[in-house]
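Here is the structure we will look at, set down as structure tokens.
The values are calculated or read from the model by the stated rules, or taken from the named source; none is laboratory data. If you're wondering where the values come from, they're calculated on a predicted model, not measured in any experiment. Here the Cβ positions follow ideal geometry from the backbone for every residue, glycine too, while neighbour counts run over all protein chains shown. With ligands, DNA and RNA removed, areas are computed over all heavy atoms of the protein, side chains included. Shrake-Rupley method; radii C 1.70, N 1.55, O 1.52, S 1.80 Å.
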Amino acid sequence: FIVVPIWKSISDECKDLITRMIAPVEKRITAQEVLDDPWIKKYTDKESKIEVPLIVTQNLKKFKGAEQVKKVVLTYLATQLSEQEIEPIKKLFIALDNNGDGKLSMDEIEKGLKELKNAKDLVELVQAMDTDKSGFVDYNEFLAAAIGEEVYLNKEKLKQAFNVFDKDRSGKIDSDELKAVIGSELKGENEEIWRDMIKEADIDGDGQIDFDEFFKMMYNLKIK
């Protein structure tokens, strides 16, 4: 770290964690390792009252109403966000993750939100984040559902996401490419699920999603 006044009051443990979080991608620690860090655990107050900001609730509602293919794209985009962009959401996840294992069980969700006025609705919204049907909501699923559209709805980030799915660089995404990228996350799903996902955004009916269709699909989240 460059020594500047603000860092003089920061502990060595905190500096070490930040250093590992902003390291080059190949050396950067994972979300689970962040959650397991002694400094995080030291300052995580599991007894404090959990609060869910209104904007987060609104984001969760949009996510629940979105098509499956949008949820998949958002889950990818969540992995590309900076710590600054996800800080408020990370704090909420840590507060709910009572045992610190990096994923939320249905029991943790219900217990963590039970004191809130709209607890029943929030529990249903959070449970809907389980896009891979694992029975848990992992960190990336939580981020994907809770982040605001102002964070990810820009052409550069969407183009980056599109290119991840457009494996053959044809300018279009087909069901085989979709399956190749996320197939391991949806074990047990039949072949029809991939074609159905493509149909959700396939405006011209050619069985593929081009970038224009992809772009419109993502921006339609605003009017869900």
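Brief remarks on what is shown
- In this entry, A180 passes the filter for residues that are open to solvent by 30 Å² or more (accessible area, probe 1.4 Å) and more than 18 Å from the chain's Cα centre (by Cα).
- Considering (1) within 20 Å of V123 (Cβ to Cβ); (2) at pLDDT below 85, the lone condition that K62 does not fulfil carries the number (2).
- Close Cβ contacts (under 6 Å, 6 or more residues apart or on different chains) running from residues in segment 92-109 that are of a type in the set (D, E) to residues that are assigned to a helix (DSSP H, G or I) comprise E108/L96.
- Listed here are the helices (runs of 4 or more DSSP H) enclosed by segment 57-158 that have at least 3 residues being farther than 23 Å from I18 by Cβ and either hydroxyl-bearing (S, T, Y) or open to solvent by less than 40 Å² (accessible area, probe 1.4 Å) (or both): 68-78, 106-113, 119-127, 139-146.
- Here D166 passes the criteria (1) surrounded by 14 or more Cβ atoms within 10 Å (Cβ to Cβ); (2) within 22 Å of A31 (Cβ to Cβ); (3) not aliphatic (A, V, I, L, M) except the one numbered (2).
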